[in-house]
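Below is one structure; the comments refer to it alone.
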Amino acid sequence: MTLRRRRANSRLELQGSVWISVGDQTLGGSDRFGLLRAVADQGSITQAAKAYGISYKAAWDAIDAMNALAGEPLVERSAGGRGGGSTRLTARGQRLVERFDQIDSAHQRFLRLLDEQSIDLDQPFSMLKVLNMKTSARNQFVGTVTSLRSGAVNDEVELTLPGGTRIVAVITQESAQGLGLRTGMKAIALVKSSSVVVATDLEGAKVSARNQLKGVISAVTPGAVNAEAVIDIDGGGSVAAIVTQGSVKSMGLATGMRATALFKATSVILAVTA
């Protein structure tokens, strides 16, 4: 047996596919749904088979099997006049193809994210890190629950980040119970950038915002109306805030200057892995 050494720049890659099943039988995956799209484009099983590089029999067998498993036809034929008949997707067939494309697209995005975050064998696997991704909240902090205080209606949760920064969230008791929160468990704090207020020269000032993250402005990105200011937190990590262009000018916000990111405990959304 001969062993081949792989190229030094080769890496492990995560791959996968998704398909729809009915019971223990496969309705279709990317191949069969690709064939349905070809039928919709070509208006003919014969032409769809040619475009897809398979025989007419193979195409017809696949479509016939899908029609049977789906409970109602996904493809239908119409009798023609001089120009002959045509083949098209039914309304259910069109909806199913569109939904499969949406599911497959989401699946591929998740695979790419999982591949980026989990294949490095020198790093521990963290589902929290993988899920710390596409949400409407610009700021996402992974930390450990270090304190839980119950009130009459709401609970106060303290999350400590790896660098020691602490974030406080106020959530309903029902939410705390539903998340199964307990000290020592990992959680994600989500904060929208529009909920963050940037302040400078706060020495000696008293503010009502429970969360006050001090650091240095690392970026100020202007937009048409607002700008995004990013503050590198002293304990590590960063926080982004949306501020008006007027505020940027009046406060003289610029990279390298000290600033504090303020946000209320009620503006923090907590998430945990299932």
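Within the stretch 217-234, the set of residues being touching a Ser or Thr at 6+ places or on another chain (Cβ under 8 Å) and open to solvent by 40 Å² or more (accessible area, probe 1.4 Å) comprises S218, V220, V225, N226, E228, D232, D234. Of the residues making up the stretch 172-210, those that are among the hydrophobic types (A, V, I, L, M, F, W, C) and in contact with an Asp or Glu (Cβ under 6 Å, 6 or more places away or on another chain) number 1.
Among the residues of the stretch 252-262, is there at least one that is open to solvent by 20 Å² or more (accessible area, probe 1.4 Å), touching a Lys or Arg at 6+ places or on another chain (Cβ under 7 Å) and not in a strand (DSSP E or B)? No, the stretch 252-262 contains no residue that is open to solvent by 20 Å² or more (accessible area, probe 1.4 Å), touching a Lys or Arg at 6+ places or on another chain (Cβ under 7 Å) and not in a strand (DSSP E or B).
Here I242 clears all of (1) open to solvent by less than 40 Å² (accessible area, probe 1.4 Å); (2) part of a strand (DSSP E or B); (3) not acidic (D, E) except the condition numbered (1). In the stretch 114-150, the qualifying residues are those that are within 16 Å of M185 (Cβ to Cβ) and within 14 Å of the chain's Cα centre (by Cα), and the one that is modelled with the lowest pLDDT is N132. The condition of being outside any strand (DSSP E or B), hydrophobic (A, V, I, L, M, F, W, C) and surrounded by 15 or more Cβ atoms within 10 Å (Cβ to Cβ) holds for only one of A205, A209, that being A209.
Taken together, the criteria place R166 among residues that are open to solvent by 30 Å² or more (accessible area, probe 1.4 Å), free of Cβ contacts under 8 Å to residues at least 24 places away in the same chain and closer than 21 Å to L213 by Cα.
Remark: pairs (first residue in the stretch 246-257, within 20 Å of I233 (Cβ to Cβ); second residue in a helix (DSSP H, G or I); Cβ separation under 9 Å; 6+ apart in sequence or on different chains) = L253/S247; A254/V248.
The values are calculated or read from the model by the stated rules, or taken from the named source; none is laboratory data. Just so it is clear, the model here is predicted, and its values are computed rather than measured. Every residue, glycine among them, receives a Cβ derived from its backbone with ideal geometry; neighbour counts consider all protein chains shown. Please note that ligands, DNA and RNA were not included when accessible areas were found on the heavy atoms of the full protein model with its side chains. Shrake-Rupley method; radii C 1.70, N 1.55, O 1.52, S 1.80 Å.
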